[in-house]
1. For A:ASP269 and A:PHE44, compute 0.36 nm times the residue count separating them, minus their Cα-Cα distance, and round to one decimal in nm.
2. Would you mind working out the accessible area per residue for the stretch A:255-330, using a 1.4 Å probe, and quoting it in Å²?
3. What value, in deg cm²/dmol to 500, does the helix sum -39500 (n - 2.57) over DSSP H runs of n ≥ 4 give at 222 nm once divided by the residues of chain A?
4. Students often get this wrong, so check it: of A:LYS194/A:LYS221; A:LYS194/A:LYS222; A:LYS236/A:LYS316; A:LYS284/A:LYS454; A:LYS48/A:LYS73; A:LYS240/A:LYS363, which have C-alpha atoms separated by over 25 Å?
5. Taking Cα atoms, how many degrees apart are the long axis of helix A:428-448 and the longest axis of chain A, rounded to 10 and kept between 0 and 90?
6. List, in order, the whole-Hz ³J(HN,Hα) value for each residue of the stretch A:238-245 obtained from phi through the Karplus relation with A = 6.51, B = -1.76, C = 1.60 and θ = phi - 60°; use x for Gly and Pro.
7. Below 15 angstrom from the Cβ of A:ASP307, what's the summed charge of the other residues (Lys, Arg +1; Asp, Glu -1)?
8. Along the stretch A:265-282, what does the Karplus equation 6.51 cos²θ - 1.76 cosθ + 1.60 (θ = phi - 60°) give for ³J(HN,Hα), rounded to whole Hz, x for Gly and Pro?
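The values are calculated or read from the model by the stated rules, or taken from the named source; none is laboratory data. Because the structure is a prediction, the values reported are computed rather than measured. Using ideal geometry, Cβ is built from the backbone for each residue, glycine included, and neighbour counts are taken over all protein chains shown. For the accessible areas, the whole protein counts, side chains as well, though only heavy atoms, and no ligand, DNA or RNA atoms are used. Shrake-Rupley method; radii C 1.70, N 1.55, O 1.52, S 1.80 Å.
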Amino acid sequence: MNIENFISEVVCRSIEVLYGATNVPLQIQKTRKEFDGDYTLVVFPLLKLSRKSPEATAQEIGEYITANTPQVKAFNVIKGFLNLSLDSVFWGERFGEIVANENFGQAASTGRTVMIEYSSPNTNKPLHLGHVRNNLLGYSVAQILKANGNHVIKANLVNDRGIHICKSMLAWKLYGAGETPESSGLKGDHLVGKYYVEFDKHYKVQIKELMAQGQSEDEAKKNAPIILEAQAMLRKWEAKDPEIYALWQMMNGWVYAGFDVTYKALGVDFDKIYYESQTYLLGKSLVEIGLQKGVFYRRDDQSVWIDLTADGLDEKLLLRGDGTSVYMTQDLGTAFRRFEDNRLDDMIYVVGNEQNYHFQVLKLILKKLGYNWSDHITHLSYGMVELPEGKMKSREGTVVDADDLIADMISTAREMSEELGKLDDCTEEQAHAVSAMVGMGALKYFILKVDPKKTMLFDPRESIDFNGNTGPFIQYTHARICSILRKAQETGIDFSGAVVADYLPEEIELIKSLCDYPSVVAAAAESFSPSLVGAYTYELAKLFNGYYHDHSILREEDVAVRQMRLQLAQQVARIICSSMLLLGIEVPERM
RNA sequence: GGUUCCGUAGCUCAGUUGGAUAGAGCAACUGCCUUCUAAGCAGUAGGUCACGCGUUCGAACCGCGUCGGAAUCACCA
């Protein structure tokens, strides 16, 4: 049963009886922990109906409810707040429901299909910390939406064509001497990235030379032979020149192999991969439609534009004078095709906040074209990741490489675990598995616990901390519970058929916390924020840990109490596990 | 300059739709390992929620303004 609905029904009925009013909007919230009670009714909005003081109104409603609802055992009034306390039997029943419900926390199907696009890498360089935030966010939000009963399609739009990849290709052709991932021992994406940097080096030298010959910086940038050659390469690619095409396929293949490794390490995956090389021509037909409808207009040079100044935005180009498309054209086309092909109810783009304007324009254009599904497009915008030294800049070599970071996290977790003697009786395989879970858990939790839209600071020293509000703390709590359950099983203590009777206060708190899980998942989906899930899980783990230190479970002599505690521990572990899975974090059974 | 976003403890961050005495962690300080895992627990200290005005029973949250920071406003993607 849904506890919040139950409470609001109870309150509704009391108001109907006392004041004869129906459909009154109610303000019911969880009681803050400094006060007695479980749910709190804010009575200020009801004073017009009762025509009494806040205290008297709350008193009156409280008396009616306790007299007529067996599940509500007590109430207290503080100023305009009516705190209701539910009976321990009531909580016992809820706990029974959790134990019995294998899919607790998994909402019934909504029948909605949601596509979420994330990652969207360029194929000219390896993934870095910014991509890590993107991937973790996208994957986690997908998990959360699934838990809320949506059919979710995880999509990746790979930016596999364009001048950037031609730069790597050209540099490899000129200076690569046939180097391959095998011959160099480099991961494919890193190898291609190396030549992207190589291109830039030569490009800069040529610019300097041209400037020394008297050209302005802008001229030099346009006239440097190497950039002209790269542009020529792009034209050849578009003409499907066999040699260039083969080179392009080979180098992209290296990159994909490299990305696969990184994605796997991050624990993210996709249901559908789109390649820009196959979609970049989309959208032109929409431009035609827009022209016919008079939404767009053509300039003398044949380029197509939309005027959004009436909406407080600028004019936006949609098709170049030579008829080729731009980013916006493609995005219009892919959005259209996705909604049509998949009968999507919602489309979510996980893209950095530097593209806020782009998506604002995208939605507005689709709307003006008459596509109402435009309202179902969400740009899940996230902030930059900054380092203690300032911003990451690829040109200045201050980027944090994703693969390096992952390796670092895992090896630090390994060292830490060894230092604490946690891996003493483990096989090498187990030791690695645990280190990977803990290292990645720390990284994922550290990134996901901050509100996506905020710029976040990534301090490597802090991210690698395993104490306090961190992924490893939650994993640790889970491992301890598993340890208790293992010991119980080994010593033959039965806890399968425990009867729920009376509870200690701490245990009621734990049950209440477990009951919150579904509404946390729902709230997280509403606001696309994994951080809510993280905060909840941390609280739950902390609550259990606090309780667990003051009470013995296995040595409790009262059999019924012991069974009950074991079952409770089991359920806490279960919720921790499913909750962490929403963040894409695996939970070890020992660590 | 226009648009959007951000500003909460020394540091990193929470704070569901406006609700009660604004919360964690890190760093600092005090205690606690002979018991199911001390990656832990219990505690102390730390705040003009950037600032001002307004809306109301009530504002970190809503509105207007000011200050500070970020992103963006390309025939790049």
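1. 76.1 nm
2. Per-residue accessible area for the stretch A:255-330 comes out at 53 Å².
3. -18500 deg cm²/dmol
4. Flagged as over cut-off: A:LYS236/A:LYS316; A:LYS284/A:LYS454; A:LYS48/A:LYS73; A:LYS240/A:LYS363.
5. 90
6. With the stated coefficients, the stretch A:238-245 comes to 5, 7, 6, 4, x, 5, 5, 4 Hz.
7. Local net charge: +3.
8. Going residue by residue, I get 5, 7, x, 10, 8, 9, 8, 8, 10, 9, 10, 4, 4, 9, 10, 6, 8, 5 Hz, with x marking Gly and Pro.
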